[in-house]
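> Got a structure for you, questions after.
The values are calculated or read from the model by the stated rules, or taken from the named source; none is laboratory data. None of the values given here were measured: they were computed from a predicted structure. When the accessible area is computed, the model is the full protein with side chains, heavy atoms only, and any ligands, DNA or RNA have been set aside. Shrake-Rupley method; radii C 1.70, N 1.55, O 1.52, S 1.80 Å.
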Amino acid sequence: GEDAVFNAEALCAKEDIRVCYIDLPLYCYFMTPGSLASRHTHNDLWLLAQTYEDCAEKAESDRVKRIFWIEAIKRGLGARYIRSCIPGSKQQVSECNALLKRVIYGLNRLPNVSAKDKLQYTAFVKIPQLYRLARVIDDPTLLTMERGLKEKQEIT
């Protein structure tokens, strides 16, 4: 996650940086059990969501704001999803909901956001079960993670 925070701060610091998408595998992660890349916690995602929210508020162009609002939403949804799997984390889930309400409002105010993006992200923010369903359909191993989190809390 360190590169994500650095990239966000760099984009905030310099408004005329150009960002583009290249459909080439220029950077590869090797996902191994226990690696840093495979151990993002809900707190890591929460901090990234807050960082992206701060950057969106500082950004001057709508194009850059859109990037940061969407990234804040994605990380906030991830944090809320994981936190909702942990019994007794109601306060943390409420914090995620408050952040998501702010960032979806920021995204929906922009003129350059497609109706599809607005609808999709608003639905995921407003209906947590829909987001969970989409995640589980995309990656059924998340059911194992959910069980593990619940069992871990029952043991302690």
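> Using only the Cα atoms of region 74-156, build the gyration tensor, take square roots of its eigenvalues as a ≥ b ≥ c, and label the shape rounded, prolate or oblate: rounded if a/c is under 1.5, else prolate if a/b is larger than b/c, else oblate.
oblate
> Distance cut-off 31 Å, Cα to Cα: go down the list 116/150; 90/118; 58/116 and report the pairs above it.
Long pairs (Cα-Cα over 31 Å): 116/150.
> Let me ask something else about it. To the nearest 10 square angstrom, how much accessible area does residue 127 have with a 1.4 angstrom probe?
Around 80 Å² of this residue is reachable by solvent.
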